[in-house]
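Some notes on the structure that comes next.
What follows draws every value from the coordinates through simple rules; no lab data is involved. Here the structure is a predicted model, which is why all the values come from computation and not from measurement. Cβ: placed from backbone, ideal geometry, glycine included. Neighbour counts: every protein chain shown.
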Amino acid sequence: MNQEIKFYKYQGCGNDFILIDDRQNSITLTTGQIEKLCDRRFGIGADGLMLLRSKEGYDFQMVYYNADGNESTMCGNGGRCITRFASDLGITFPKYNFLAIDGPHDATIEANGIVNLKMIDVHQVASFPGFKFLNTGSPHVVMPVTDILNIDVYNKGKEIRYSDTFTPGGTNVNFTEVTDNNTIFVRTYERGVEDETLSCGTGVTACALMQADLSNNAEPQTVNVKTRGGNLKVMFTAENEQTFSNIWLCGPAEKVFEGNIQIQGL
Ligand SMILES: N[C@@H](CCC[C@H](N)C(=O)O)C(=O)O
């Protein structure tokens, strides 16, 4: 049976998502249905899909699926977009506390529309030849490069994502270049989209942390991040080279359009 559902499309620095209001906690979508909704030719088109659900003790719950239809780990830009969605639905404003797969998150919306999302603390950074690996809610390789605009993100990223080192879960792969004092440019191959996306919030966060001034382990630090989809800012405290706390991912998140779509078999 076909059924029509209402959807909303949001983007945060070009990382785009389908949002569904599931405050009744009644919507179940199959992997195939989500994959089709995210398809840029046969569906709405998006890097991922989120259900906004009710959750006792929180303003809402975020359930995140990658474009391949599988539920995945934390999405930073998604977290910022669902916060904007909650505000647009009139859930609350301007402070939010929601539950995601990696635990509770605080978020705020500034008068100028910037959405700030508190990320989980990081307690471990692994070193490999040529790159670091850390988990900011999702797993990320951070590889410093030069001439970032000419990096083959798709092929290099895919090779690392599917390498034995990261089997079976895989990883997202970020390429990062310092462009000037306190600013980096980041490009990301995203697991579950299996391509470069215009921006990845948990990836940008991982790259920013790897720029920490480790001589400054008390004061909050800020790293500005440029991506192909726009600019973000990451604020944090670096306790040592393995431990980071009070991490905030800050940037724009906007509604693009809304509509209704028929879903086969719903
Ligand atoms: N786009 C996201 C990351 C989403 C999860 C990722 N694709 C994964 O499966 O690890 C972000 O903004 O953080």
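Stretching Asn25 away from Lys55 to a fully extended chain increases their span by 9.9 nm, per 0.36 nm per residue minus the current alpha-carbon distance.
The phi-based Karplus calculation (6.51 cos²θ - 1.76 cosθ + 1.60; θ = phi - 60°) puts the 3J(HN,Hα) values of segment 131-137 at 7, 10, 9, 8, 10, 10, x Hz, whole numbers, x for Gly and Pro.
When the pairs Lys118/Lys233; Lys9/Lys233; Lys95/Lys255; Lys6/Lys36 are compared against a 21 Å limit on Cα-Cα distance, Lys9/Lys233 fall above it.
Using the rule -39500 (n - 2.57) for each DSSP H run of four or more residues, divided by the residues of the chain, the 222 nm mean residue ellipticity is -4500 deg cm²/dmol.
Quick check on packing: order 100-106, 88-94, 245-251 by the mean number of other C-beta atoms within 10 Å, highest mean leading. Working shown, then result.
On the way: 100-106: 16.7, 88-94: 12.9, 245-251: 20.3.
In descending order of packing, they fall as 245-251, 100-106, 88-94.
For segment 125-251, averaging the sequence separation of C-alpha pairs within contact (under 8 Å, six or more residues apart) and dividing by the residue count gives a relative contact order of 19 percent. Local charge for Glu239 was computed over the other residues whose Cβ lies under 14 Å away, with Lys and Arg +1 and Asp and Glu -1, and equals -4.
From least to most packed, judged by other beta carbons within 10 angstrom and beginning with the fewest, Phe42, Phe185 follow the order Phe42, Phe185.
Count the DSSP beta bridges whose two residues both fall in the chain, then state the antiparallel fraction as a percent rounded to the nearest 5. About 80 percent, rounded to the nearest 5. The residues neighbouring Asn77, those whose beta-carbon lies less than 10 Å from its own, together hold a net charge of -1 under the Lys/Arg +1, Asp/Glu -1 convention. What the Cα convex hull of segment 152-266 gives, in volume per residue, is 162 Å³.
Can you list the lysines whose alpha carbon is less than 17 Å from that of Lys156, not counting same-chain residues fewer than 8 positions off? Answer for Lys156, where 17 Å is the Cα cut-off: Lys132, listed by chain and number. Converting phi to 3J(HN,Hα) with the Karplus coefficients 6.51, -1.76 and 1.60 and the offset θ = phi - 60°, segment 40-48 yields 7, 10, 9, x, 6, x, 5, 7, x Hz in sequence order, with x at every glycine or proline.
Work out the FRET efficiency for Asp195 and Asp164 from their Cβ-Cβ distance, taking R0 = 22 Å, and round it to the nearest 0.05. Efficiency, rounded to the nearest 0.05: 0.50. Bridge orientation summary for segment 99-226: considering DSSP beta bridges with both residues in this region, about 75 percent are antiparallel. A viscosity of 1.002 mPa s and a temperature of 20 °C, combined with the Kirkwood radius over Cα pairs in Stokes-Einstein, give a translational diffusion coefficient for segment 210-266 of 150 µm²/s.
Considering only alpha-carbon pairs that sit under 8 angstrom and 6 or more positions apart, the relative contact order computed for the chain is 23 percent.
Label-to-label distance, Arg40 versus Glu258, with points set 7 angstrom from Cα along the beta-carbon direction: 2.6 nm.
Once the convex hull of all Cα atoms in the chain is built, its volume per residue stands at 128 Å³. Of all the C-alpha pairs in segment 1-123, what % are more than 22 Å from each other? Everything past 22 Å amounts to 29 percent.
Looking only at GluC sites (Glu not before Pro) in DSSP loops with at most 11 other Cβ atoms within 10 Å, what is the longest site-free stretch of the chain? Walk me through the numbers on the way to the answer.
Numbers: sites that count: Glu56, Glu110.
Excluding the exposed sites themselves, the longest stretch runs over 111-266.
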